[in-house]
Amino acid sequence: MAERDFYDVLGVARDASDAEISKAYRKLAKKYHPDLNHEPGADKKYKDVNEAYEVLHDSQKRAQYDQYGKAGMNGQGGFGNQGFGGANGQYGDFSDIFNNFFGGAGQRQNIDPTAPRPGEDLEYTLTIDFMDAIKGKKEQVSYSRDEVCATCGGNGCEPGTHPLTCDKCHGTGRMTVTRQSILGVMQQQVVCDKCQGHGAIRVHPCQTCHGKGSINRKNTIEVDVPAGINDGQQLRYSGQGEAGENGGPYGDLYISYRIRPSKEFQRRNTTIYSTVKISFAQAALGDEIKVKTVHGDHSLKIPAGTQPETKFTLSNEGVPYLRGNGRGDHLVTVDILIPKKLNDGQKQALTAYVKASGDSVTPQEKNFFERLRDKLS
Ligand SMILES: [Zn+2]
Ligand SMILES: [Zn+2]
């Protein structure tokens, strides 16, 4: 049986960003979670979704998968259960994220509408400068979220009063109605019209939150931009999402990083790429030049006889690794400049060069338009 493509499993395009992948994953994991979905085949789908996510949310594994397919993933010790792995414990791993979505085992038989439920997760896109992603920094982030009402502590009742179990649905939030249809008498479960599905009645609703138990507020937190973070990556800040219901914990906040491109440097994972222009004479005779790296100027020896498009590697001058010590490399591509205009001295020297090479050339005078273009360029 042919295995399904990981991108198809998550229903995302092959060029989907990390944020899109995480979003699709969260949606599907919730949909097929065995505690929430009892349809036949849901557990298999749930497994497939997790397998796809573990590969696609890890840039290294994803690159391998893109190149070699599933076969390329073997020999890596299987799909490791590694998340972002940070020393400060903020970068939770997969099971961690998972427990937060579903509130762990406590959520298991949670069909009781009055039982605690964790709040929704939020996503915040943080756009940062190219160099900040390499050096790392802290950033203040403000966003609005529902916070537990301080007046009632989240139960939606005036202080001193408590929610009462709805007497119509006995706290289930649902009621069974009997309907006469052309197929006969049918029974149907509907939301309780007395408590609107909450299972509880607030006789004296809290005046601050009007019985909702939460208030929308601006929340400001300090967010880490770790040195080496890449475009599309996410970090989770636990408890910074929406307030839970019925005393459940807060959801999490996902910071999705977007990185502005640089004019001087290109970046792929931890490797930096740049181009340096040298003269024909420097390429032919060799020279020592200064190359700008993300960590400052670096000297580079150009050997005699360097050809156009030659690439030089400046080891450890690239992007810091997010995990562990060390950095990637910086690859410099040499661009050899051919002078557009020559003065008399240069002309004579080149003529002598041609002679010494035993060649003969017929120099072409530039026409009016070519001279004009040179002037303007
Ligand atoms: Zn309140
Ligand atoms: Zn009710």
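Throughout, read-outs are computed from the coordinates displayed, never taken from laboratory work. Everything numeric in this text was worked out from a predicted model, so none of it was measured. Here Cβ is always computed from backbone atoms with ideal geometry, including for glycine, and neighbour counts include all displayed protein chains.
Points to keep in mind about this one:
- Label zone of M186 (point 7 Å out along Cα→Cβ, amide N under 15 Å): in region 23-57 this covers no residue at all.
- Local net charge near P303, Cβ-Cβ under 12 Å (Lys/Arg +1, Asp/Glu -1): -1
- Taking region 266-376 as the region of interest, the number of lysine pairs whose Cα atoms are within less than 22 Å, with members eight or more places apart or on different chains, is 23.
- Region 266-376 shape via C-alpha gyration tensor axes, a/c threshold 1.5: prolate
- HN-Hα J in Hz across region 324-331 - Karplus 6.51, -1.76, 1.60, θ = phi - 60°, x for Gly and Pro: x, 8, x, 9, x, 9, 10, 9
- For L337, the residues whose amide H sits under 5 Å from its own are I278, S279, F280, ignoring neighbours fewer than 5 places away on the same chain, with H placed 1.01 Å from N.
- As a calculated quantity, the FRET efficiency between D132 and L337 at R0 = 30 Å, using C-beta atoms, amounts to about 0.40.
- Relative contact order %, the chain, counting alpha carbon pairs below 8 Å whose residues are six or more apart: 15
- Environment charge at H198 (Cβ cut-off 15 Å; Lys +1, Arg +1, Asp -1, Glu -1): +2
- What the phi angles of region 216-229 give under the Karplus curve with 6.51, -1.76 and 1.60, with θ = phi - 60°, is a coupling list of 7, 9, 7, 10, 10, 9, 8, 10, 8, 10, x, 4, x, 4 Hz, glycine and proline written as x.
- With Cα atoms as the point set, region 139-213 shows a radius of gyration and Dmax of 17.9, 63 Å.
- Extension gain, K355-A150: 0.36 nm per intervening residue step, less the Cα-Cα distance, totals 64.8 nm.
- Working from label points 7 Å from Cα in the Cα-to-Cβ sense, the N316 to D329 distance is 1.5 nm.
- When the inverse distances between all different Cα atoms of the chain are averaged and flipped, the Kirkwood radius reads 26.5 angstrom.
- Database remark: amide H of V291 closer than 5 angstrom to the amide H of H298, S299, L300 (H placed geometrically; neighbours at sequence offset of 5 or more, or on other chains; Pro and chain starts carry no H).
- Calculated FRET efficiency for the pair H210/T165, C-beta based, R₀ 25 Å, to 0.05: 0.75
- For the chain, Cys with no neighbouring Cys Cβ under 4.7 Å: C157
- Using a Gaussian network model of the chain in which every pair of alpha carbons under 10 angstrom is joined by a spring, one finds that among E264, E365, E20 the greatest mean-square fluctuation is at E365.
- Chymotrypsin sites (Phe, Trp or Tyr not before Pro) within region 278-377, DSSP loop, no more than 14 other Cβ atoms inside 10 Å: Y321
- Computed 3J(HN,Hα) for region 64-69, one whole-Hz value per residue from the Karplus formula 6.51 cos²θ - 1.76 cosθ + 1.60 where θ = phi - 60°, is 5, 5, 4, 7, 10, x, glycine and proline marked x.
- Cut-off under 5 Å, modelled amide H: who pairs with G213 long-range: G156
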